[in-house]
Every structure is written in C-alpha cells, then in structure tokens.
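The values are calculated or read from the model by the stated rules, or taken from the named source; none is laboratory data. It should be emphasised that the depicted structure is a prediction, and the values quoted were computed from it without experimental measurement. Cβ sites come from the backbone with ideal geometry, for glycine too, and all protein chains shown count toward neighbours. Each accessible area value is taken on the protein alone, full model and side chains, heavy atoms only, with ligands, DNA and RNA left out. Shrake-Rupley method; radii C 1.70, N 1.55, O 1.52, S 1.80 Å.
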Amino acid sequence: MGDGSGPRAAALTSLRMMLTAVGGRDYSRAAYERMLSRAGFASAERVPVASGVAAGVNGPLVARGGPAANA
C-alpha cells in the first residue's frame, strides 16, 4: 500500500524491527529511492520475488549507477 500500512506481513515485520532493534526505524520505498538518488545512484528498481516465497515480501530494491560505478 502506498500509505506505508501494508501489506500486513511487511507492516508487522517493520513493527517488530522497530521494537527490537536499538534505534530501529522503518522507511517507505519512496524514502529509500530518495536516499539512493541523493547518494548519487541513477536508478532504483524493485525486483519481484517468486510468489509463495514469503507473505508480504516486497522484493529487494536494487540501485544502479551509483558512486562506485563512477569511480
């Protein structure tokens, strides 16, 4: 969901991380994309995972063309 409230399994995982990790925080996909852009990455893309892998898994966010690629 675009409002950061789901899917349910992802929201519960985020809540668990915030409660159990010292200084734990949660960020939306848009927030990660902004951070990657500010860090110099040219693009960020969510890579879907196979259905049935784990409920609520959104897939990894892969960034390309960042500072290391330009070195």
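General observations
- Verdict on A42 being open to solvent by 80 Å² or more (accessible area, probe 1.4 Å) and either within 13 Å of the chain's Cα centre (by Cα) or at pLDDT 85 or above (or both): yes
- When residues of segment 46-71 are limited to those that are surrounded by 10 or more Cβ atoms within 10 Å (Cβ to Cβ) and at positive phi, the one modelled with the highest pLDDT: G65
- Here is the figure for segment 19-39: residues that are open to solvent by less than 80 Å² (accessible area, probe 1.4 Å), at pLDDT below 85 and among the hydrophobic types (A, V, I, L, M, F, W, C) total 1.
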